[in-house]
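Here is the structure we will look at.
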Amino acid sequence: MTSRIPFDSAAPPLGFGAAQLGNLYRPTDDETSRRAVDAAWELGVRYFDTAPHYGLGLSERRLGAALASRPRDQYAISTKVGRLLVPTPEHADRLDDGGFAVPAAFRRTWDFSRDGILRSLDASLDRLGLDRIDIVYLHDPDEHWAAASTTGVGALIELRDQGVIGAVGAGMNQSAVLAEFVRRCDIDLVMLAGRYTLLDQSAADDLLPAAAERGVGVVAAGAYNSGLLSSDRIPDDAKYDYADAPAAVLARARRIAEICAQHGVALPAAAVQFPLRRPEVVSVVLGTRTAEQIVQGAERMATAVPDALWSDLAAQGLVRP
């Protein structure tokens, strides 16, 4: 299988996750979003990920505007398909119920048909202000395998063959179905959120071996597991998988943090770097709202982590060897 993974090996493996540019959970202004993208660029970040779902198109619009002056051949951008945005101007006085602080001027409709894929991508190109996209993922097709693995991926492969997009993939919060996409479909990349981290290496059972066999790249998202690994001090009300972390998970995370401290490494730095220990992982994407966050992420990526830390974590059964 010929690799079509559009990443520059000279660029850092850190990717910019732009969900927060779509006002995830709370508002963010245009200037803050632009400064975050500018800071990422100055740090050498050249991979940016967005989706129509993020702020009902707001993330795509902000990201496209922030990158408009950048040389197009110097960065890779990914967006997603599977959720069509249908105008609902009659609800514009309400707030979106999908987790984003934006007016409900659109509703999301699942659609992995060929027509739905084409319409979604056309709208994304318009919002981004681009004539091509480097990577397009099928977005969260957990309950839509039949359509996503046939008409959905088929439409993307057709567009890839036409040169409208560069690479084809799928993005999800679980590894089992992604592994099936890798085994059965002609895809190039997958985006996996939260299933290959310091706390959860379940993707090592299915997705990573399949990706290695097929030459498919893995983009790791959710490295902090909903924020649980984003700080050395883990509060009792920390979140894990978007919910309150169970006591056993809190205890495990705190033990990992203790061992990191023994080696002089901050827990978040270990969390950011851990997925890249597998050769199948080509990038770690960090959700970013501000310039300060991407600077912090880059510093964590650049932190020296001794091999002895990974050995100690493995010896105590906290990570897989």
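Using only the Cα atoms of the range 1-153, what semi-axes does the equivalent ellipsoid have when each is the square root of 5 times a gyration tensor eigenvalue? Give whole Å, largest first.
Values: eigenvalues 121, 95, 30 Å².
Listed largest to smallest, the semi-axes of the range 1-153 are 25, 22, 12 Å.
Between D30 and R255, what FRET efficiency comes out of the Förster formula 1/(1 + (r/R0)^6) with R0 = 56 Å and r the beta carbon distance, rounded to 0.05?
0.85
Which of the trypsin sites (Lys or Arg not before Pro) found in the range 119-182 are loop residues per DSSP with 14 or fewer other Cβ atoms within 10 Å of their Cβ?
Answer in residue order: R132.
GNM on the chain, C-alpha springs below 10 Å: top fluctuator among G99, G57, G15?
G99
In the range 99-131, whose amide N lies under 13 Å from the spot 7 Å out along Cα-to-Cβ of T88? List them in ranges.
99-100, 102-110
Tell me which label goes with the value of Kirkwood radius over Cα pairs in Å computed from the coordinates here: [x] 19.9; [y] 20.7; [z] 23.4.
Looking at Kirkwood radius over Cα pairs in Å for this model, the match is [x].
Relative contact order of the range 63-191: what whole-number percent is it, with Cα pairs under 8 angstrom and at least 6 residues apart?
Numbers: 212 pairs, mean separation 30.5, N = 129.
Dividing the mean separation by the residue count of the range 63-191 yields 24 percent.
Would you mind checking the range 204-243 for residues with the amide N under 15 Å from a putative spin-label position 7 Å along Cα→C-beta of E143?
Nothing falls inside the zone, counting backbone N under 15 Å.
Take the alpha-carbon centre of the range 277-301, take the same for the range 1-50, and report the distance between them in whole Å.
9
Identify which of G169, G129, G297 has the largest mean-square fluctuation in a Gaussian network model of the chain, with springs joining Cα atoms closer than 10 Å.
G129
So if each residue of separation counts as 0.36 nm, and I subtract the Cα-Cα distance between E299 and D131, what length gain in nm does that give?
57.1 nm
Need one number: nm distance between label points at L318 and A248, each 7 Å from Cα along Cα→Cβ, rounded to one decimal.
Here the answer is 1.8 nm between the modelled labels.
Describe numerically, in nm with one decimal, the distance between label points set 7 Å from Cα along Cα→Cβ at A204 and at K239.
Between A204 and K239, the simple spin-label model gives 2.7 nm.
Where does the chain land at 222 nm, in deg cm²/dmol rounded to the nearest 500, when only DSSP H runs of n ≥ 4 count, each adding -39500 (n - 2.57), divided by all residues?
Computed mean residue ellipticity for the chain: -10500 deg cm²/dmol.
What is the packing order of peptides 223-229, 141-147, taking the mean over residues of other C-beta atoms within 10 Å and listing the highest first?
Top to bottom by mean Cβ count within 10 Å: 223-229, 141-147.
Points 7 angstrom from Cα along the Cβ direction at S69 and R107: gap in nanometres?
Inter-label distance under the simple model: 4.1 nm.
Any read-out appearing in this document is the output of simple, stated calculations on the displayed coordinates, not a laboratory observation. Note that the coordinates shown come from a computational prediction; the quantities given were computed from them, not determined experimentally. Counting neighbours? That spans all protein chains shown, and the Cβs are built from the backbone with ideal geometry, glycine included.
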